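Below: the structure, in structure tokens.
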């Protein structure tokens, strides 16, 4: 048996015994919700389905999944969980009873299953928590992974856990993948081939649509409604500086005609990313109205879609530095012309789809970044051509949630009887 597996099980069991006494060792914010981490949730009567979305991004997929589930079972009762507090906050906009997920420890998992009593478990993307799967198997709760993805790196890491994990994965009743490469990797991990299907990315069903009026959308954000907007979305450390250099190298008449809004990916890193921009010579304003020539800086959670809807051009972050990129279909669906850097391995299906239809500009270095910005900001016809291609591609990518639930129904996994 794999030493990694034995070590994980032993460590999780030991930490599970200590976890109830550990709340005084965590931050005050975490302490307030520690009972949820311990699995102390009570749902009278139980639920038809437990749906787990790790963080903010996966909550979009969870929201998209709910409508087709309810279409087949209108009286459905679900319990939503997230790993992060930000994810939980977004889920509570859907259902105020949403909680943090239990820690992957046998004691916490047992408490949660006893209190929630789910009849189905839906995991979104790549959430293989071993004790959840073990408890679900013991309780004969069918598990489905929806919008499933699995990177080569994750596959290699999971292989270290050997046959016990392969048996757990073989027990998953449905693995509904974003792409065929994802499906191949899930089969390599042990998923039953006859229970693996490709349905697409559920997040695409929740993509924000274009707005009727971009000037009005800008006004609502405290921006100048009369000037077009460049959005720098999901910025991460190491990315603000090259963007600032490219911006400052553009002709003054071009930068005077446009305004810029920068939205960092994580509020915790906002000050670091902001300092990069300032040190590269850009003035930044965290409040509206924005002084002439300054970038608007907004690190609030949940605002990025509103900026994408207000913008004509969008750069998608996590892609200049080696983070794997963030979803370029988000601004594409809003009708923006989209560009991103070369590090986009975690977004390959979306990148390949947009690139194939002329809806995405990939820049490899500072020179190409400057060229792309100069073209998209200065050439109206080229900008509109790329924006139209991007939006049409995003529109065609929708429908994964409907396909996923249809497959669940075909395998008698939904509705719950």
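The values are calculated or read from the model by the stated rules, or taken from the named source; none is laboratory data. Every value quoted in this text rests on a predicted model; they were computed, and no experiment measured them. All Cβ positions, glycine included, derive from the backbone under ideal geometry; neighbour counts span all protein chains shown.
Observations, loosely collected:
- Criterion violated by residue 140 - all others in (1) over 23 Å from the mean Cα position of the chain (by Cα); (2) outside any helix (DSSP H, G or I); (3) surrounded by 19 or more Cβ atoms within 10 Å (Cβ to Cβ) satisfied: (3)
- When region 377-417 is filtered for residues that are touching a residue at least 40 places away in the same chain (Cβ under 8 Å) and not in a helix (DSSP H, G or I), the ones remaining, listed by number, are 397, 398, 399, 411, 413, 414, 415, 416.
- Filtered residues of region 206-217 (kept if touching a helix residue (DSSP H, G or I) at 6+ places or on another chain (Cβ under 6 Å), assigned to a loop (DSSP other than H, G, I, E, B) and under 30 Å from residue 253 (Cα atoms)): 211
- Check on residue 371, in contact with a helix residue (DSSP H, G or I) (Cβ under 8 Å, 6 or more places away or on another chain), part of a helix (DSSP H, G or I) and surrounded by fewer than 22 Cβ atoms within 10 Å (Cβ to Cβ): no
- Selection status of residue 39, on the phi > 0 side of the Ramachandran plot, in contact (Cβ under 8 Å) with a residue 60 or more places away in the chain and crowded, with 22+ Cβ neighbours inside 10 Å: yes
- Near pairs, Cβ below 8 angstrom, 6+ apart or cross-chain, from region 14-28 (closer than 13 Å to residue 106 by Cβ) to any residue that is outside any helix (DSSP H, G or I): 15/103; 15/105; 16/103; 16/105; 19/38; 19/103; 19/105
- Residue 181, sole failed condition from (1) outside the structural domain of residue 405 (by TED's automatic domain parsing); (2) over 26 Å from residue 336 (Cβ atoms): (1)
- Being in a helix (DSSP H, G or I), farther than 20 Å from residue 228 by Cα and over 25 Å from the mean Cα position of the chain (by Cα) holds for only one residue in 346, 271, 275, and it is 275.
- Across region 218-231, a minimum of one residue is classified as within 15 Å of residue 300 (Cα to Cα), at pLDDT 95 or above and in contact with a helix residue (DSSP H, G or I) (Cβ under 7 Å, 6 or more places away or on another chain).
- 3 or more residues over 22 Å from residue 134 (Cβ atoms): qualifying helices (runs of 4 or more DSSP H) within region 1-58: 28-31
- Taking region 149-205 as the range and being closer than 22 Å to residue 393 by Cβ and part of a helix (DSSP H, G or I) as the test, the residues that pass are 180, 181, 182, 183, 202, 203, 204, 205.
- Count of residues meeting criterion [under 24 Å from the mean Cα position of the chain (by Cα), surrounded by fewer than 19 Cβ atoms within 10 Å (Cβ to Cβ) and not in a helix (DSSP H, G or I)] in region 84-125: 4
- Among the residues of region 352-366, those that are in a helix (DSSP H, G or I) and touching a helix residue (DSSP H, G or I) at 6+ places or on another chain (Cβ under 9 Å) comprise 353, 354, 356, 366.
- The selection criterion, being touching a residue at least 12 places away in the same chain (Cβ under 8 Å), part of a loop (DSSP other than H, G, I, E, B) and in the same structural domain as residue 225 (by TED's automatic domain parsing), holds for residue 320.
- Checking 168, 103, 123 one by one, the residue that is farther than 18 Å from residue 62 by Cα and touching a residue at least 60 places away in the same chain (Cβ under 8 Å) is 103 and no other.
- For the residues 123, 133, 176, the requirement of being touching a strand residue (DSSP E or B) at 6+ places or on another chain (Cβ under 8 Å) and either farther than 27 Å from residue 15 by Cα or outside the structural domain of residue 85 (by TED's automatic domain parsing) (or both) singles out 176.
- Residue within region 297-310 that is at negative phi and in a strand (DSSP E or B) present: yes
- Residue match in region 328-336 (condition: part of a strand (DSSP E or B) and in the same structural domain as residue 231 (by TED's automatic domain parsing)): no
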